[in-house]
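A.B. asks: First the structure, then my questions, so here it is.
The values are calculated or read from the model by the stated rules, or taken from the named source; none is laboratory data. As the structure is a computational prediction, the values presented were derived from the model and not from experiment. When we count neighbours, we look across all protein chains shown, and the Cβ atoms used for this are built from the backbone with ideal geometry, even at glycine.
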């Protein structure tokens with residue numbers, strides 16, 4: 001009889017929970033089930049390093065685990081630096097870092113909203129006017 005998805009997941013979940021029990025007790029509550037398989041392969045020394053990094057600041061645990069697997073001799077500072085670099089790469093630029101947009105002419109916005117009204121004839125005019133306001137706020141710095 002073929003197993004269902006629920007049965008397969010229940011079996012994997014049980015395996016993950018068993019693997020979690022083999023981690024350092026203080027580390028166990030910090031590791032999500034999706035990261036158990038990766039964390040399970042860390043040495044006790046690396047588990048200690050990961051725990052110290054978690055206690056030092058908020059980090060992306062999956063990135064830290066991957067970093068420790070690639071660099072088993074890494075220190076807590078190395079892990080914190082690696083996870084902060086990853087965090088910086090993922091963040092979008094702040095509005096102060098973005099180039100200034102030229103002020104958008106209100107006639108252009110009016111033309112855009114008229115075009116939207118023409119394409120979406122069922123859209124109430126009040127919605128188009130609201131969209132016009134939103135466009136002007138977003139496009140004018």
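A.B. asks: Any idea which of (1) part of a helix (DSSP H, G or I); (2) under 18 Å from the mean Cα position of the chain (by Cα) is the one residue 18 doesn't satisfy?
C.D. replies: Condition (2) is where residue 18 drops out.
A.B. asks: State all residues of segment 47-77 that are assigned to a helix (DSSP H, G or I), farther than 23 Å from residue 16 by Cβ and more than 21 Å from the chain's Cα centre (by Cα); if no residue qualifies, say none.
C.D. replies: 52, 76, 77
A.B. asks: Name every residue in segment 115-128 that is part of a helix (DSSP H, G or I), over 34 Å from the mean Cα position of the chain (by Cα) and surrounded by 12 or more Cβ atoms within 10 Å (Cβ to Cβ), in order of residue number.
C.D. replies: Passing the criteria: only 117.
A.B. asks: Take segment 25-46 and flag every residue that is under 19 Å from residue 15 (Cα atoms) and outside any loop (DSSP other than H, G, I, E, B).
C.D. replies: Correct list: 28, 29, 30, 33, 34, 35, 36, 37, 38, 39, 40.
A.B. asks: Test each condition in (1) more than 24 Å from residue 16 (Cα to Cα); (2) at pLDDT 90 or above; (3) under 15 Å from the mean Cα position of the chain (by Cα) for residue 84 and report the one that comes out false.
C.D. replies: (2)
A.B. asks: If I ask for residues that are surrounded by 10 or more Cβ atoms within 10 Å (Cβ to Cβ) and at pLDDT below 55, which ones from segment 87-102 would you list?
C.D. replies: Correct list: 98, 101.
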